[in-house]
Every structure is written in C-alpha cells, then in structure tokens.
Amino acid sequence: MSNYHIKHLEEYFQVYRKSVRNPENFWEEIAEEHFLWRKKWDTVLSWDFKKPEVKWFEGAKLNITENCLDRHLATRGDKTAILFEPNDPKEDTQHITYTQLYQRVNKFANVLKSQGVEKGDRVCIYLPMIPELAVSLLACARIGAIHSVVFAGFSANALATRINDSDCKVVITSDGSYRGAKTIDLKKIVDDALEDCPGVKTVLVAKRIQSEINMKDGRDQWLQPLLDEASEEGTATVMDAEDPLFILYTSGSTGTPKGMVHTIAGYMIYTAYTFKNVFQYRENDVYWCTADIGWITGHSYIVYGPLANGATTVMFEGVPSYPDYGRFWDIVEKHKVTQFYTAPTAIRALAKEGVEHVEQHDLSSLKVLGTVGEPINEEAWHWYDDNIGKKNAPIVDTWWQTETGGIMITPIPYATPTKPTYATLPFIGIQPALMDENAQEIKGNQADGRLCIKFPWPGMARTIWGNHQRYKDTYFSAYENMYFSGDGALRDEVGYYRITGRVDDVIIVSGHNLGTAPIEDAVNEHPAVAESAIVGFPHDVKGNALYGYVILKETGESRKHDNLRKEINQIITEQIGPIAKLDKIQFTNGLPKTRSGKIMRRILRKIAGKDTSNLGDTSTLLNPECVQDIIDNAL
Ligand code: WT7
C-alpha cells in the first residue's frame, strides 16, 4: 500500500529510485497488492526493443472488468461509478452505481454474445459521450472482444478506413448525438461508412436524439430491446495478461492511421497506478476528465483508471460553451468536483470569454487540476492557476501519448513543486532520455533533444494492428534500444522536462493529433489541385492551426479562390472530419523542394508563422525563387 500514494517529493524520489533499480520487483508488488487475478504470472517482464517485443505478467489470467466492477460490489455497490452529466443542463444527471454499472455491462455483454461476438473479435464503437459508450467498452472487455472506439467526430470515410483496417464485424452506434444546440445524425454517417465495409454484419443502435433514421433489415438493430431481454448476470471471460484489450487509432506522419494495440494486464496496472497517484484520488472524491472516450485520455482516465480504483468518474456529454461559457464551472460546483482534467485548448477558449463565467461559481471543491494533449503556454497556465485553482490546487501538466497508454511525465500534486509550461519529472518507473542529432544520449541537465524512453513500462502499446514492422520503424528504429516519442523536449537545471512539441509531421490542433499526409491526400483530391503542403502555425486558442499551400492545375479557367477554399475544406471534412479543416489556404505557383524532391516544410512553417527573418540556407533548394513569391503572398 505504501507506494500507491506518493505524499511528498522525498517519497517520490525514493519510490522512483526503487522503480528503476528493480522494475520487475516494483511492478510485481503493485500487481500483487492491488489487483484481482484468476491466476498469477510466471514472468513479470520479458522484453527486447530490437524486435520489438514487450510482455508483462505473462502467464497471468484475469479479466479487467472484474477489477473495475466485480471486486467493488461488496464495498462500493451503492457508490456512484459514473456520474453522467447530459448536454442539456435541464435534463437530469444520472448517477450510475457500481452495482448498476455491473448489471448494465453484463446485459450488454450478453447482447454481444447473442449477436455472435466472440473472444478476439473486433467491435467498432462509434458513439457520443453517453453512458452506453463506457458500458460498451466494458462489455467488450467482459467477453474478451477487442474494442476499437472511433471518435464520433470523424467522417464516414475515416470511420470506414478504421473499421476495415481491423476487420470489425459489429458496429455500435446511436441514432444521433447532441452537441450544444445542435444535433448530429451519427447513424447516417455510419450508413455511409458501411457502404465500403462488407465485413460488418451487425449494427447495434442506441437511441439518444429520437430522430428518424434508416434501419437496414438484417443488419441494424435497436439496442434497448435487446438489453431489456438480456440477463444482468454474467461471468467474465478469463483472459491472458497479454491478450489485446483494445485498438485505438492515432495519426502517423505518413500513411493510414495506426491502430495502436494495448494489452490487458499491463494497461490495467499502469492506468490504475497513474490515476491514483497523479490525481491523488481519495475515496469520496468526484473526479472529472473532460476528454471524449474516443481518445486515449478517455479510455485511460475516464473509464479504466478511475473504475479500477473504485472512483466516481464524471462523464460529460456536452461542450464547454453550452448553454454558456460557464458550463464547466457550473458542473464543478454542482457535483463538487475534486479533480478536474482538461486540455490547454479548452482553457484558452474559456479564458478568452472572461472571468465573469468563472466568478459566478463556487470552485472551492477543486484539489487538483490537470492538463493534457499539447504544450500549455505560460498565459493559459497562469489563468488556470489563478482563476480556477485560486492558487490552491496544483496543476499537473501530464505528458503522454496514445502509444504510452498512460501518463509518463507529470508532477505529483502536493509533492512536486510545479513550474509553468513544464511537465516536470518522469512518473514512477519511467526512464526518459534526450537524444542529440547524432543519436547519442545527452546526459546531464540543461539539455535539449528528442524525447525517448529507455525501458519498458506496463502501459505501452505492444504493436500496430496488422503491421508490426511499422511499429518497429516508427518507434524503435530512430534510436537503438529506445522508444522514440516523436516529441522534442528540454531538461532544465533541476531535471524538469518541458515538452517543446512534435519533431515530425504530426500537428496537434486543439489537442487533436493530425498527420499532414492524409490531409494533403484529401486536398489533392480536388480536381483543380495539382499539389499541396500542409503545415501548422501558432494559434491563440487551438495551439496550432493548419495552413495549406496549394498549387492549382493550369486549366486556363479562372475560378474564385474563395470558392475553391470552401470546396477544399469540404473535401477534408468528408475525408477526415471538421477538426482537420484548414484555417488558411494560400495558392502558390511553387513549393520549395530539395534536390531529391522533398518539400521543405521547415521553410513553409516559418512563413506560415510569420517568422521569415531567418529562413536558413535556401540555396540548396531545387527552386529557391519560389520562396520570395510565397513570402510576398502569405496570408
Ligand atoms: C501527443 C500525443 C495523451 C493524451 C492526449 C494526446 C502531445 C500530450 C502533452 C503535454 C505537451 C503534449 C505530444 C504527444 N502532448 N500531452 N502535457 N505537453 N505536449 O494523445 O493524440 O496520442 O497525442 O500530444 O506532442 O506526442 P495523442
């Protein structure tokens, strides 16, 4: 028990040292003391970053839902597990107790079974933030099916790509969703996607917005009547520690999205242990993470981490601006939220609306504030600290990734002194390294390099679905025997880390990870477009926004540029989703290229960011003359 809750900085250093001196012993102790196993492991860890292959707790048998549900029934049966706050504040909050959640998960699991879903099958979940979303993840896990959640803001095309990549045979969706004052016809998007997904035999539809939808005979079924018929009893399927728990797609700098595969035991231990320590969760706390379960943050820190700890986790369906910009603070006050975890982009958007919305609410319940998803700028950090935490609730700036499964670099609240814009120190068991251009590790403090991890941790993704080679190439090939994160970081004089941002062609827009290649592919589909290059540029709310440089085909026809811009963004919305729309589109006659034909994005990034004072050496370009022309016409 002693090392589950870190209380002061000295204790952090002690536990940290222990965890890296003998990681196997350290994680074994955590696994022994805090989880329910059907059978214990034969080996704690075996690993080889060259292959790469990582296995934790091999030989162990368990079901993650017994850890998230069954074992709490005796002591926390009537405690609220999920506190559902609907989009419309006039609609009632739902308090789903551990007993009720257990029953709902069993019912749902029995429905999946009756639809022929078996252990190892992939189930695609495309749902808004309603209780069925959390229940469906757990129902899959209960019977050993692998869930693949697709964020319900993705387009039909993006959904189809993900369904096909992992051969999902069932899709769980809803008639529609609420988003502030709007409704979205999700089922229609699924129908469009499934035109290209011959492998999907069953679609289960939850009712949320009561809209008229099309139900395809023999394929689509309403969920509720099936649930009504199903038994609320059910035994969990016994799983191996290294069986896949889920697939979650993340953008790569090139190519199709990568289906990151997380396995059961290691992911469970890591999300539970990080949750407890990073948020200093206590028994009667009310914890709220504002992310969508469609992203890893929601998987790890709305569903699995909190429930493994028997916590009360808030699930919010709506948006921060509806019915007004005080909604977040209204919810904090209403439910006396103790831990609040959000993204810098949300903080910046709310800060812009002024403190009046904050001041009307009593936020004195808050003990810990968290941020995740992108670097937090100094101004936003202070706004959060001053106005939300009133300098009384430490901010945990948590760095991690879809690939890492859980939080990797973070302060421990009330133990690690915070520093604005710094994620501070590695979490227990995490061994970061900074690498220089010559692939050498930079030792000592006051260093700046590429952020890698030297040793496996239980929560790391094990492979990319259907493409282990790509997993190796992307994460384990840049530096020998290291996991490469794709981020740059600096280490200050006391060893605190500050994440400086992506060093590859991934751009983080409003906390969403976007690859440039798929957006360029979408832009290039426009019949008038010959070539394009997408870069990020600083944006005061989104962190980064997208800037597209577009070369048009010479058709002799002169089209209105504004119309073209709209059409291009329309294609992007269809191919990927509205989050990938371009803020600025500059039409140009040339793009700066190296002699080997590679677009010099570094130059384009600087121009988009209005930083043309030092463009570096352009003389080696194939076509240096285009640079001045691009600068002269920049938006
Ligand atoms: C990328 C991973 C992990 C949950 C949400 C995003 C950036 C994440 C921070 C932070 C600076 C951060 C990194 C990372 N990022 N957290 N606290 N400070 N940057 O997951 O979609 O897999 O994106 O988000 O660039 O590589 P993701």
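The values are calculated or read from the model by the stated rules, or taken from the named source; none is laboratory data. From a predicted model like this one, the values you see are computed outputs, not experimental measurements. A quick note on method: Cβ atoms are made from the backbone with ideal geometry, for glycine too, and the neighbour counts reach across all protein chains shown.
Side notes on the structure shown:
- Annotation: Ile82 fulfils all but one of (1) in a strand (DSSP E or B); (2) within 27 Å of the chain's Cα centre (by Cα); (3) over 24 Å from Val337 (Cβ atoms); the unmet one is (3).
- For the residues Gly429, Gly405, the requirement of being within 15 Å of the ligand (Cβ to nearest atom) and closer than 30 Å to Ile293 by Cβ singles out Gly405.
- When residues in region 275-299 are screened for being within 22 Å of Ile6 (Cβ to Cβ) and either of a type in the set (Asp, Glu) or within 12 Å of the ligand (Cβ to nearest atom) (or both), 5 of them pass.
For (1) outside the structural domain of Ala141 (by the TED database); (2) crowded, with 24+ Cβ neighbours inside 10 Å, each residue gets a yes or a no:
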{"site": "Ser251", "(1), (2)": "no, yes"}
{"site": "Arg282", "(1), (2)": "no, no"}
{"site": "Tyr287", "(1), (2)": "no, yes"}
{"site": "Gly294", "(1), (2)": "no, no"}
{"site": "Ser300", "(1), (2)": "no, yes"}
{"site": "Trp329", "(1), (2)": "yes, no"}
{"site": "Ser364", "(1), (2)": "yes, no"}
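- Out of Ile568, Ile603, Ile551, Ile607, sole residue that is crowded, with 16+ Cβ neighbours inside 10 Å, touching a residue at least 40 places away in the same chain (Cβ under 8 Å) and in a helix (DSSP H, G or I): Ile568
- Close pairs (7 angstrom Cβ cut-off, 6 or more residues apart or separate chains): among the charged types (D, E, K, R) in region 373-387, more than 15 Å from the ligand (Cβ to nearest atom) anywhere: Asp385/Lys391
Let's see how each residue does on (1) farther than 23 Å from Met268 by Cβ; (2) not aliphatic (A, V, I, L, M):
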{"site": "Thr80", "(1), (2)": "no, yes"}
{"site": "Gln103", "(1), (2)": "no, yes"}
{"site": "Phe108", "(1), (2)": "no, yes"}
{"site": "Ser114", "(1), (2)": "yes, yes"}
{"site": "Met129", "(1), (2)": "no, no"}
{"site": "Leu137", "(1), (2)": "no, no"}
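- Restricting the first member to region 6-31 and to residues that are touching a residue at least 12 places away in the same chain (Cβ under 8 Å) and farther than 22 Å from Glu58 by Cα, and the second to residues that are assigned to a loop (DSSP other than H, G, I, E, B) and of a type in the set (S, T, N, Q), the beta-carbon pairs closer than 8 Å and six or more apart or on different chains are Leu9/Thr416; Tyr12/Thr416.
- Taking (1) of a type in the set (S, T, N, Q); (2) surrounded by fewer than 23 Cβ atoms within 10 Å (Cβ to Cβ); (3) under 25 Å from Ala265 (Cβ atoms) in turn, Thr183 satisfies each apart from (3).
- For Asp504: the one exception among (1) of a type outside the set (Lys, Arg); (2) within 16 Å of the ligand (Cβ to nearest atom); (3) surrounded by 21 or more Cβ atoms within 10 Å (Cβ to Cβ); (4) not in a strand (DSSP E or B): (3)
- Across region 89-100, the number of residues qualifying as surrounded by fewer than 23 Cβ atoms within 10 Å (Cβ to Cβ) and touching a residue at least 40 places away in the same chain (Cβ under 8 Å) comes to 2.
- Restricting attention to region 328-380 and to residues that are in contact with a Pro (Cβ under 6 Å, 6 or more places away or on another chain) and charged (D, E, K, R), the residue that is nearest to the ligand (Cβ to nearest atom) turns out to be Glu374.
- Looking only at region 300-319, and only at residues there that are under 19 Å from Leu73 (Cα atoms) and hydroxyl-bearing (Ser, Thr, Tyr), the one that is farthest from the ligand (Cβ to nearest atom): Thr312
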